[in-house]
Amino acid sequence: MGSSARNIFLDLRFPPHEAEVMLLRAKLAEALRVWMEREKLTQAKAAKRLGITQPRVSEIARGKVELLSLDYLVGLCAKAGIPVGVRLAA
């Protein structure tokens, strides 16, 4: 299996440790986007439910999460009722 199937950020030449963080951010943003779609929320309504601004929801919906922390995105998922877990493989 090539790196593309595992983590596109490796193909974009991010260092491995940064690629892992970017992939986690992207997955959390996708979960929030799916939640908005499933709940049939506009960005404005999603922003109100999450306690953030509509422009921030727009960034998340477009996957523009490079400046958002994992803590922040996990917190938004918690507010949306999206369970977040961590599985480590050593």
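The values are calculated or read from the model by the stated rules, or taken from the named source; none is laboratory data. These numbers come from a predicted model, not from an experiment. When we count neighbours, we look across all protein chains shown, and the Cβ atoms used for this are built from the backbone with ideal geometry, even at glycine.
The rows are residues; the columns are (1) in a helix (DSSP H, G or I); (2) free of Cβ contacts under 8 Å to residues at least 24 places away in the same chain.
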| position | (1), (2) |
| --- | --- |
| Lys40 | no, yes |
| Ala47 | yes, yes |
| Val65 | no, no |
| Asp71 | yes, yes |
| Leu76 | yes, no |
| Val84 | no, no |
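Okay, residues lined up against (1) modelled with pLDDT of 95 or more; (2) within 15 Å of the chain's Cα centre (by Cα):
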{"site": "Ile8", "(1), (2)": "no, yes"}
{"site": "Pro16", "(1), (2)": "no, no"}
{"site": "Arg33", "(1), (2)": "yes, yes"}
{"site": "Arg38", "(1), (2)": "yes, no"}
{"site": "Leu50", "(1), (2)": "yes, yes"}
{"site": "Gln54", "(1), (2)": "yes, no"}
{"site": "Glu59", "(1), (2)": "yes, yes"}
task: Report yes if Val34 is surrounded by 13 or more Cβ atoms within 10 Å (Cβ to Cβ), assigned to a helix (DSSP H, G or I) and of a type in the set (Val, Ile, Thr), otherwise no.
output: no
